[in-house]
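This report concerns only the one structure given below.
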Amino acid sequence: MVRPIMKDPLFLSVPSVDATPADKPVIRDLLDTLHHHADGCVGMAANMIGVSKRIIAVNMGAMNVAMVNPVILKKSGPY
């Protein structure tokens, strides 16, 4: 189901919590919403659809991929 994009800065600033297997419907909604906004969006987080869970979805060219509880292992240079 395509969900509306959350724009409330207060909600978006709240840290997200770990996702669980019960959050599978959120993953589907996030992928559906990313697909719907493909003309101007290459990735989004679950909080952008109103769910404070650690789930992101990104476009990898031919497909959209969801990442659950992602961890940054390395970075280089300034953010």
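Scanning region 28-51 for residues that are surrounded by fewer than 16 Cβ atoms within 10 Å (Cβ to Cβ) and not charged (D, E, K, R) gives His35, His36, His37, Ala38, Gly40, Val42, Gly43, Gly50. Among the residues of region 50-57, none qualifies, meaning not one is at pLDDT 95 or above and in a helix (DSSP H, G or I). Number of residues in region 4-23 that are in a helix (DSSP H, G or I), touching a helix residue (DSSP H, G or I) at 6+ places or on another chain (Cβ under 8 Å) and either modelled with pLDDT under 95 or farther than 19 Å from Leu34 by Cα (or both) equals 1. Number of residues in region 8-27 that are of a type in the set (S, T, N, Q), within 20 Å of Ile72 (Cβ to Cβ) and loosely packed, with under 15 Cβ neighbours inside 10 Å equals 1. Would you check if Met44 is under 19 Å from Met1 (Cβ atoms), at pLDDT 95 or above and outside any loop (DSSP other than H, G, I, E, B)? So Met44 passes the test.
The values are calculated or read from the model by the stated rules, or taken from the named source; none is laboratory data. Quantities reported herein were computed from a predicted structural model and do not represent experimental measurements. No Cβ is skipped: glycine too gets one built from the backbone with ideal geometry, and neighbour counts run over all protein chains shown.
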